[in-house]
1. Can you tell me which residues in the stretch 311-321 are assigned to a strand (DSSP E or B) and touching a residue at least 24 places away in the same chain (Cβ under 8 Å)?
2. GLY255 is checked against (1) in contact with a Phe, Trp or Tyr (Cβ under 6 Å, 6 or more places away or on another chain); (2) at pLDDT 90 or above and fails just one. What number does that condition carry?
3. Tell me which residues, restricted to the stretch 139-158, are among the hydrophobic types (A, V, I, L, M, F, W, C) and part of a helix (DSSP H, G or I).
4. Would you check which residues across the stretch 109-138 are in contact with an Asp or Glu (Cβ under 8 Å, 6 or more places away or on another chain) and in a helix (DSSP H, G or I) and list them?
5. Can you tell me which residue within the stretch 133-168, out of those that are small (Gly, Ala, Ser) and surrounded by fewer than 21 Cβ atoms within 10 Å (Cβ to Cβ), is modelled with the lowest pLDDT?
6. Could you look through the stretch 263-281, keep only residues that are part of a helix (DSSP H, G or I) and polar (S, T, N, Q), and pick out the one that is surrounded by the most Cβ atoms within 10 Å (Cβ to Cβ)?
7. Grab the helices (runs of 4 or more DSSP H) fully contained in the stretch 1-92, keeping just those with 2 or more residues being at pLDDT 50 or above and surrounded by fewer than 17 Cβ atoms within 10 Å (Cβ to Cβ).
8. Please go through (1) within 23 Å of LEU115 (Cα to Cα); (2) surrounded by 19 or more Cβ atoms within 10 Å (Cβ to Cβ); (3) charged (D, E, K, R) for LYS307 and return the number of the only condition it doesn't satisfy.
Amino acid sequence: MLNATVENVVKQSFLYSYVLSQPFAVYVDSYPMVQSKILLEAEYLKYGEHGESIRVLQQKLNKLSYFDDEIDGDFDILTEHALKRFQKEHGIFVTGQADMQTLHIIIQAEKEKYLNQLVDLSDSISRGMVSEDVKIVQEALQYFGYYKGEIDSSYGPLTAKAIKIAEEKHDVDLTKEVTETHLQTLHTAVDQKLDENKKEKIEKEPKQEIESDTKEVEVIQKEEKAKKVKVQASANNGAVSIARSLIGTPYVWGGETVNGFDCSGFIQYIFEKQNINVPRTVSDMWNFATPVGNPSVGDLVFYETYKPGPSHMGIYIGNNKFIHAGSNGVEITDMSYAYWQNRYLGAKRVK
């Protein structure tokens, strides 16, 4: 029998009709989308626990080259060590415990790995080929839910069918040129499936204890930042107020209304409310706005996410935070998170 958590996950997935006839170990290994749902349902994993959610965690850490021991579903010292390595390298507070922030970033890292492999290798394989590249593409197609066959490194009918389904669904020729729009669609597809039934909140991590003299310096720095924000906030308070009022609006690819936004549609909507016309796409907005050294409240911050150059943006609200339409919908995010810090391109201002 399926336990309540797993049954809930399966019933919400597009694999429902198939997996009910399969042993748990079969479908959890074969369908990474189901893995991700199970991991998020777990919410918090720590040393000493055991079960299928731990095995999923080990599998994902293995795919990301952090865990190379036996995948046995036991959260032991080696699993804890692998998790600490991942947290350290991704700028997460190192605890060795898998909270919601860590779980989300693990899933994001895995998704990016498969997306990059799919885009980089699809045009290097052909029918009848048997190679490691075919295997990698099969795994990537399986991750996005298009390949249902055995990972056998052989480019046969099932691999060709999976590529065709992906191409038709996203109107892209994976064996030729992949445009910015196609990449963004693929990039957000998994996030939308994961979040369509439940919006997760990532809790702030506790801060490490520091020496008293360091605390004093931190207090001074915070005071200086507060003064700076107070001086600079007046010019663009309107944009920030509108942005804050939209928090919780769902993410919709191509969305530009209160029913759903993508990142550039969100920005355009905010400025239209202030009777300011701005370009619709991230790249056009990057070229349109005026560069600034450090962002002030109301400025736009840009990121390089799934391709070289600007592909995501939001509005800076002070205290190193910005509001944007991300995969979880319109939300406030800390720019110091490793994922965003490593992809930051700069700030610009609409005059």
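The values are calculated or read from the model by the stated rules, or taken from the named source; none is laboratory data. What you see is a predicted model; the values in this text were computed from it and never measured. Neighbour counts are summed over all protein chains in view; Cβ atoms, including those assigned to glycine, are modelled from backbone coordinates with ideal geometry.
1. Within the stretch 311-321, the subset assigned to a strand (DSSP E or B) is 312-318, 321.
Result: HIS312, MET313, GLY314, ILE315, TYR316, ILE317, GLY318.
2. (2)
3. We begin by selecting, within the stretch 139-158, every residue among the hydrophobic types (A, V, I, L, M, F, W, C); these are 140-141, 144, 151, 158.
Listed by number, the residues that qualify are ALA140, LEU141, LEU158.
4. Hits for the stretch 109-138 are LYS111, TYR114, GLN117, LEU121, SER124, LYS135, GLN138.
5. GLY149
6. First, the residues of the stretch 263-281 that are part of a helix (DSSP H, G or I): 263-272.
Now restrict to residues that are polar (S, T, N, Q): 264, 268.
On the way: SER264: 25, GLN268: 20.
Here the residue is SER264.
7. Values: elements: 4-11, 16-19, 24-30, 32-42, 52-63, 77-89.
By residue number, 77-89.
8. (2)
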